[in-house]
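The values are calculated or read from the model by the stated rules, or taken from the named source; none is laboratory data. Remember, predicted model here, so these are calculated numbers, not experimental data. Ideal geometry is used to build each Cβ from the backbone, glycine not excepted, and the neighbour counts take in all protein chains shown. Protein only, heavy atoms only, side chains kept; ligands, DNA and RNA dropped before computing areas. Shrake-Rupley method; radii C 1.70, N 1.55, O 1.52, S 1.80 Å.
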Amino acid sequence: MNERDAKSAKIDDRLLVTKAKELFDQSVDGLDAETRSRLNRGRHEALAQLRPGVRYGQWLQWNQRTLPAAGVAAAAVVAVLIWTGRPPVDDLTPPATASDFEILLAEDSFEMLQELEFYSWIDFEAELVDELDTNGNVG
Amino acid sequence: MSACACEFAVSSIREHFTGTKELQREQELNRFLADVERRALRIAEISIRDRDEALDLVQEAMIKLVRNYADRSNNEWTPLFYRILQNGVRDWHRRQAVRNRVMVWFGRSTSDGRDYDPVAAAPDPAGRTPDETLQTEQAMESLQLAVAALPRRQKEAFMLRTFEGLNVAGTAVAMGCSEGSVKTHYSRAVHSLRDTLGEHWQ
């Protein structure tokens with residue numbers, strides 16, 4: 001490319017950039033009212049972050065992020081408690097075992113969960129009968 | 001006046017001035033964001049070709065700027081704001097790429113009808129309309145498509161330099177690269193656009 005061509009290309013580049021900027025500015029000026037309104041609302045929401053009293057949005061966002069995690073954590077704690085069998089609900093309720101946890105994880109565990117107390121009672125009764133039988137045998 | 005009353009008075013005056021300073025900062029940020037928001041929206045929209053998504057990205061950038069950089073000097077806001085926005089655009093493209101891969105894996109369409117064909121969308125030199133507005137819109141559409149088709153770094157450099165009017169140093173901060181890289185990307189972008197758009201566009 002000779003010097004004249006290079007100069008011409010530079011002028012072309014300048015023209016292109018100028019026209020691109022003009023077109024872009026026109027498209028910015030031509031934004032519709034709804035879009036401008038949404039930008040305006042977004043700006044005010046952003047500026048609300050500066051005010052110490054207005055933390056609702058942040059709180060909500062924090063909760064949106066942390067609630068699912070908190071749910072998973074709570075489920076994990078319940079699982080660990082069931083797994084380790086502590087703490088028992090009361091003196092009459094026998095500690096759950098690993099097999100209980102497996103049952104709870106089974107597909108049809110929902111009905112089981114609803115009637116958990118009933119099954120615990122049956123379990124307790126069965127153990128009581130076994131104990132009486134054992135004592136009877138001994139005695 | 002007791003010492004306690006004096007302390008209370010000083011504390012009240014300090015609080016008053018702190019409050020005034022915070023209010024002033026909020027007003028400055030408001031002016032800055034109001035000035036930059038529409039151009040930022042169009043720049044994001046050209047990058048991702050979706051206005052709703054672009055609006056979300058601009059709002060996220062505004063929130064992050066206010067939360068993290070409100071204390072910085074006003075001169076720093078523009079490059080910082082665009083750096084946040086460009087990061088948002090990049091993350092958006094990454095998410096889209098992952099989404100597309102997942103959709104392909106499930107055998108579903110990934111385009112959402114938003115694919116564009118630069119050849120089909122290229123301006124037709126013979127198809128000029130007498131309507132000036134329409135011509136402008138067509139020219140803008142051609143420009144948008146040509147800019148969108150540029151490699152990412154060239155696109156960023158061109159839009160920040162030309163559309164936002166950032167200088168080389170500011171663009172370097174916004175892009176997170178050296179000033180030399182900005183110059184190279186910008187120069188290549190302009191040459192590429194000149195080749196793509198052709199003489200009829202000028």
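Brief remarks on what is shown
- Restricting attention to region B:16-52, the residues that are open to solvent by 90 Å² or more (accessible area, probe 1.4 Å) and within 9 Å of chain A (Cβ to nearest Cβ) add up to 1.
- For region A:42-74, the candidate set comprises residues that are surrounded by 12 or more Cβ atoms within 10 Å (Cβ to Cβ) and among the charged types (D, E, K, R); within that set, the residue that is modelled with the lowest pLDDT is A:R55.
- Enumeration of residues in region B:150-174 that are more than 13 Å from chain A (Cβ to nearest Cβ) and over 16 Å from B:S47 (Cα atoms): B:N167, B:V168, B:A169, B:G170, B:T171, B:A172, B:V173
- Residue that is most open to solvent (accessible area, probe 1.4 Å), among those in region B:175-199 that are within 14 Å of chain A (Cβ to nearest Cβ) and charged (D, E, K, R): B:E199
- Just one of the listed residues (B:A61, B:A34, B:A54) is touching a residue at least 24 places away in the same chain (Cβ under 8 Å), assigned to a helix (DSSP H, G or I) and within 16 Å of A:G42 (Cβ to Cβ), namely B:A61.
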